[in-house]
1. Residues that are touching a residue at least 40 places away in the same chain (Cβ under 8 Å) and on the phi > 0 side of the Ramachandran plot: does the range 12-32 have at least one?
2. As an exercise: evaluate GLY69 against (1) modelled with pLDDT of 90 or more; (2) assigned by TED's automatic domain parsing to the domain that holds LEU87 and give the number of the one condition it does not meet.
3. Take the range 32-46 and flag every residue that is surrounded by 14 or more Cβ atoms within 10 Å (Cβ to Cβ) and either in a strand (DSSP E or B) or not acidic (Asp, Glu) (or both).
4. Would you point out which residue out of LYS33, LYS27 is charged (D, E, K, R) and in contact with a His (Cβ under 9 Å, 6 or more places away or on another chain)?
5. Quick test of your reading of the structure: SER19 fulfils all but one of (1) within 17 Å of the chain's Cα centre (by Cα); (2) at pLDDT 80 or above. Name the failing condition by number.
Amino acid sequence: MAEIKPVTVHIMGNEYHVSSPDEQVSKLEDAAKDLDRRMREIKAGGRIVGVERIAVMAALNMAYELREGESGDFESAKNVSKRIKKLQQDIDSVLASDAQMELT
């Protein structure tokens, strides 16, 4: 049986303590670094505010990439891409509305 080991990862300046089988620690650390990089890219884009919303967008993008790789279906991937862009526009619209409401 694989030994379970505590691992600390850093994502968007926050420290998370998780457990992982010893032989998968480096993959977990690589995944955390990839997630951190993707979230920072989304934050740098400046359109999405809030760690939770940034995390959701990163998760959607990663899930899309996984599904695209599995299906290999270009039309399906194209539709998912359109849906993700629509979701981003909807989020931007809500954020703009929230900011406007705070100003009044």
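1. Keep residues of the range 12-32 that are touching a residue at least 40 places away in the same chain (Cβ under 8 Å), which gives 12.
If we keep only those that are on the phi > 0 side of the Ramachandran plot too, we end up with 12.
Checked the range 12-32: at least one residue is touching a residue at least 40 places away in the same chain (Cβ under 8 Å) and on the phi > 0 side of the Ramachandran plot.
2. (1)
3. Taking the range 32-46 first, the residues surrounded by 14 or more Cβ atoms within 10 Å (Cβ to Cβ) are 32, 35-36, 38-40, 42-43.
Matches in the range 32-46: ALA32, LEU35, ARG38, MET39, ARG40, ILE42, LYS43.
4. Values: LYS27 fails: in contact with a His (Cβ under 9 Å, 6 or more places away or on another chain).
After ruling out the rest, the residue left standing is LYS33.
5. The one condition SER19 does not meet is (1).
The values are calculated or read from the model by the stated rules, or taken from the named source; none is laboratory data. The model shown is predicted, which means the values in this text are computed figures rather than measured ones. We place every Cβ from the backbone using ideal geometry, glycine too, and count neighbours over all the protein chains shown.
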